[in-house]
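Please read the structure below before turning to the comments.
The values are calculated or read from the model by the stated rules, or taken from the named source; none is laboratory data. Quantities reported herein were computed from a predicted structural model and do not represent experimental measurements. Cβ sites come from the backbone with ideal geometry, for glycine too, and all protein chains shown count toward neighbours. Quick note on the areas: whole protein, heavy atoms, side chains included, nothing else; ligands and nucleic acids left out. Shrake-Rupley method; radii C 1.70, N 1.55, O 1.52, S 1.80 Å.
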2 protein chains.
Amino acid sequence: MESIDLLIRNGSVLTMDPQGTLIETGAVAVSGDRIVKVEKEDALTASYQATKTIDARGGIIMPGLVNTHTHAAMTCFRGLADDLPLMTWLNDYIFPAEAKLTFDIVYDGTRLACSEMILSGTTTFCDMYLFEDAVAQAAKEAGMRAVVGEVIYDFPSPNYGPVEEGLKYTEDLIEKWRDDPLITIAVEPHSAYVCSPELLKNLHAIADRNGAPMVIHLAESEREVDDIRERYGRTPVGHLAEIGFLSSNLIADHCVALTPEDMTLLKDFDVKVAHNPESNMKLASGIAPIPELLKHGITVGIGTDGCASNNNLDMFQEIDTVAKLHKVHTLDPTVMDAQTVTRMATIDGARVLGLGDSTGSLEAGKKADIIVIDIRRPHLIPMYNIYSHLVYAATGSDVVTSIVNGQVLMQDRVLTTLDVDEVIAAVNQIAQGIKA
Amino acid sequence: MESIDLLIRNGSVLTMDPQGTLIETGAVAVSGDRIVKVEKEDALTASYQATKTIDARGGIIMPGLVNTHTHAAMTCFRGLADDLPLMTWLNDYIFPAEAKLTFDIVYDGTRLACSEMILSGTTTFCDMYLFEDAVAQAAKEAGMRAVVGEVIYDFPSPNYGPVEEGLKYTEDLIEKWRDDPLITIAVEPHSAYVCSPELLKNLHAIADRNGAPMVIHLAESEREVDDIRERYGRTPVGHLAEIGFLSSNLIADHCVALTPEDMTLLKDFDVKVAHNPESNMKLASGIAPIPELLKHGITVGIGTDGCASNNNLDMFQEIDTVAKLHKVHTLDPTVMDAQTVTRMATIDGARVLGLGDSTGSLEAGKKADIIVIDIRRPHLIPMYNIYSHLVYAATGSDVVTSIVNGQVLMQDRVLTTLDVDEVIAAVNQIAQGIKA
């Protein structure tokens, strides 16, 4: 008998491995931060002795979800303003609120976001915002896996000040968090419409020098396309291709307004796409041509975007929307089937973030990022098909256990790394200041 | 001090009355099946002494949600088949499964649906299916308010046999449940494409004789419109107008594919509309022109449709979809604002069902159909705007208390009228037979 740290047993193990293996009455053995074995429970318990055992009670054991696009600290602005024209929303509510941001606010807002994400089964997220060192610190303390980067644009930032300091801030972040087991620093220009070609080239160079991923908002709406066409004579994607910014380590958020040539470019450069349907719907940005991107063989993950435009971080609700929105948009009920969408929320999301080799599926040797879904609930009865339940019936509140890097962050809906009452009190305090 | 049976206190009371009154630190006094008073808590506790008190713990006290279109017993087929072409889905999965239906299956499936609905804050539903006496019985035992009716079409039914027996079955139902405090029987032809004009006229006569509401699927897709145009030379709405079927007691489900003339007809006859966006999305039926219907002054409620095309009965997820879908469809972020959508899910839903005078809002004299939302959860922090939270952030699992007709059906997430384990076991057993 080999000793292991953790055994998760008595569930249907949805591995999301390349073969799509589903193991009924399966179990997962974890040692340290890694998965040792995924197998039928009988076989596994015959070989391993575990220090701690988690009983999935007949539920679903699966990889934690990967949220490929967040502005985590915007939890502080959840519901501050909705149902408004975009410019009113930004100029009268979001920008004034963001002008008040501090390291501490971003830290507390991110802790709230991590609480919500862990409770709803997200184990990895990719963040863009201000004061991202606070985001990294909060994620690290919460025990979550995160790709984070400071948002950079041509004008001064409430955090670092002038743009050149932004480049330095990013390089300092990369240095500070290098080789961290949970945190990866990304280089994150906001978008082509607020970043000059020169700034984008400088940021690309920083990413290249450090082997860092890059994140950018891209082609979020037709308005952005019109704006970039007017300035540069090309679509946003065409513009980025022209200045040499497209590459396989680029995570492009939204990609709503694309031409056929744009899609070919994204595929040719192996750019990764983060799809955020609920935010795109709420802000009336448009519907991204995801079925076409998938046909092109482009890797697409799913994100919630920030809480000011969603207004939650529940990836289960997001995948439900992904599956349904494209069906009605294409008038084809067969597109974006439940298995495809589950893949996008797990292994493909990990690939989008450059973490496909270490997370996103339950396979021996991978990091132990695992969640358990309780299916003994009226809205999950009966169960004919696991993928169907995950996409069309479950919500984040059905997740009962969340594990990241081998550490149990939530068990039976109780957080282990975060004092939820303290976090809630801190953000409620921040909200008082925002209202004032 | 006046004695009352029940006091719900310590919450923000969202009344959904015509003035949109919101009472911070409010309370609701209930005596028997009725609301006696809705007021500031201090004032109310000075006048009333309650036998039982429910502490909303700072949460939201509001009217229970009204699900205006369900096929409740289709919980038995939840996830049986998804992502398929409509005809494959119907002919290869749903119709064969429905051929096996019995009174007992419908009864158990409806008990599961009631469990799910009560747990997610729905207090009233409007059902169309087979063996509806079983639905009425299950709803009554669960303590839910329901409008139910046997589906009628030109061909024989697995329940009543030949169509003439369907008319008799409906009249028997009306007789059996007349004056029931919870159950209202409706007359329910399936649709214009499987009901002859003569059958529709006969059913209309039954409804008229008995003062019963009518329910029909109407203009669910362009295909239906093409079909009816070919047969009758008119749109489905135009056809129903022509044969005298449109009236103010008609509940029209879906109304996806409408012409401007159709909308005028619906308004002229004061037809009520049940909007089911998630089902319409999943089946790729299309997007109903709800913002336009509202501009016409048509009363629109929200429904989930059955669990085979959704796949849950969570009205909170449905209202989130309502608010977002129409924004992206019209490319206008101001349409279907959160307050409008909340109204559709409560008082307007009640009006759709002909129950607007007795339920759908918290006002003295109305039936006590009340839910409590717990907001001490990370995804509901902070709170700037109640409507925003209900529509964009909450899910059914945030409902902690559900009360119908003054009876507490769920408290602290525990059902009082249904043995949830027994119901789950019964439906899992049924599912074994469906798989076989």
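A few remarks follow.
- Residue in segment A:56-75 that is among the charged types (D, E, K, R), in a strand (DSSP E or B) and either in contact with a strand residue (DSSP E or B) (Cβ under 9 Å, 6 or more places away or on another chain) or assigned by TED's automatic domain parsing to the domain that holds A:S402 (or both) present: no
- Filter pass, A:L294 being open to solvent by 20 Å² or more (accessible area, probe 1.4 Å) and at positive phi: no
- For segment B:380-412, residues that are assigned to a loop (DSSP other than H, G, I, E, B) and either within 13 Å of chain A (Cβ to nearest Cβ) or open to solvent by less than 10 Å² (accessible area, probe 1.4 Å) (or both) total 7.
- Residues located in segment A:231-290, provided they are within 16 Å of the chain's Cα centre (by Cα) and more than 24 Å from A:H326 (Cβ to Cβ): A:N249
- Which listed residue is in contact (Cβ under 8 Å) with a residue 60 or more places away in the chain, more than 8 Å from chain A (Cβ to nearest Cβ), open to solvent by less than 30 Å² (accessible area, probe 1.4 Å) and charged (D, E, K, R), from B:D374, B:D320: B:D374
- Scanning segment B:221-229 for residues that are modelled with pLDDT of 95 or more, outside any helix (DSSP H, G or I) and under 26 Å from the mean Cα position of the chain (by Cα) turns up at least one hit.
- Count of segment A:129-152 residues which are surrounded by fewer than 24 Cβ atoms within 10 Å (Cβ to Cβ) and in contact with a Pro (Cβ under 7 Å, 6 or more places away or on another chain): 1
- Residue in segment B:294-312 that is in a helix (DSSP H, G or I), in contact with a Leu (Cβ under 8 Å, 6 or more places away or on another chain) and more than 14 Å from every other protein chain (Cβ to nearest Cβ) present: no
- Candidate set: segment A:413-436, residues that are open to solvent by less than 60 Å² (accessible area, probe 1.4 Å) and more than 10 Å from every other protein chain (Cβ to nearest Cβ); chosen: the one nearest to A:R78 (Cα to Cα): A:G433
- Close contacts from segment B:177-200, counting a first residue that is in a loop (DSSP other than H, G, I, E, B) and a second that is basic (K, R), with Cβ to Cβ under 6 Å and a gap of 6+ residues or different chains, come to B:L182/B:K140; B:L182/B:R145.
- Screening A:I434, A:I424 for residues that are part of a helix (DSSP H, G or I) and at pLDDT below 95 leaves exactly one candidate, A:I434.
- Residue identified as out of contact with any Phe, Trp or Tyr (no Cβ under 7 Å at 6 or more places or on another chain), surrounded by fewer than 17 Cβ atoms within 10 Å (Cβ to Cβ) and on the phi > 0 side of the Ramachandran plot among A:D179, A:D208: A:D179
- Test: A:V237 is farther than 19 Å from B:P333 by Cβ, more than 14 Å from chain B (Cβ to nearest Cβ) and either open to solvent by 10 Å² or more (accessible area, probe 1.4 Å) or not in a helix (DSSP H, G or I) (or both): no
- Residue that is surrounded by the most Cβ atoms within 10 Å (Cβ to Cβ) [pool: residues in segment A:185-205 that are in contact with a strand residue (DSSP E or B) (Cβ under 8 Å, 6 or more places away or on another chain) and not aliphatic (A, V, I, L, M)]: A:E188
- With respect to (1) over 18 Å from the mean Cα position of the chain (by Cα); (2) free of Cβ contacts under 8 Å to residues at least 12 places away in the same chain; (3) away from chain A (no Cβ under 14 Å), the lone exception for B:G356 is condition (1).
- B:S279 being part of a loop (DSSP other than H, G, I, E, B), within 16 Å of B:G306 (Cα to Cα) and within 14 Å of chain A (Cβ to nearest Cβ): no
Matching residues to (1) closer than 29 Å to B:D320 by Cα; (2) away from chain A (no Cβ under 12 Å); (3) surrounded by fewer than 21 Cβ atoms within 10 Å (Cβ to Cβ):
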site	(1), (2), (3)
B:M74	yes, no, no
B:R78	yes, no, no
B:L84	yes, no, yes
B:M87	yes, no, yes
B:A99	no, yes, yes
B:S120	yes, no, no
B:F125	yes, yes, no
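- Considering only residues in segment B:323-353 that are over 30 Å from B:A29 (Cα atoms) and polar (S, T, N, Q), the one that is nearest to the other protein chains (Cβ to nearest Cβ) turns out to be B:T334.
- Of residues in segment A:118-155 being of a type in the set (D, E, K, R) and assigned to a helix (DSSP H, G or I), the one nearest to A:H71 (Cα to Cα): A:E132
- Those residues of segment A:101-115 which are in a helix (DSSP H, G or I), of a type outside the set (A, V, I, L, M, F, W, C) and open to solvent by 10 Å² or more (accessible area, probe 1.4 Å), in sequence order: A:D104, A:Y107, A:D108, A:R111
- Apart from one condition, A:D83 fits all of (1) among the charged types (D, E, K, R); (2) over 30 Å from A:A186 (Cα atoms); (3) touching a residue at least 12 places away in the same chain (Cβ under 8 Å); the exception is (3).
- Residues (in a strand (DSSP E or B) and within 25 Å of the chain's Cα centre (by Cα)) located in segment A:5-35: A:I8, A:S12, A:V13, A:L14, A:L22, A:V28, A:V30, A:R34, A:I35
- A:V271 being more than 14 Å from chain B (Cβ to nearest Cβ) and within 16 Å of A:H217 (Cβ to Cβ): yes
- Test: residue in segment B:36-50 that is among the hydroxyl-bearing types (S, T, Y), assigned by TED's automatic domain parsing to the domain that holds B:L380, part of a strand (DSSP E or B) and open to solvent by 40 Å² or more (accessible area, probe 1.4 Å): no
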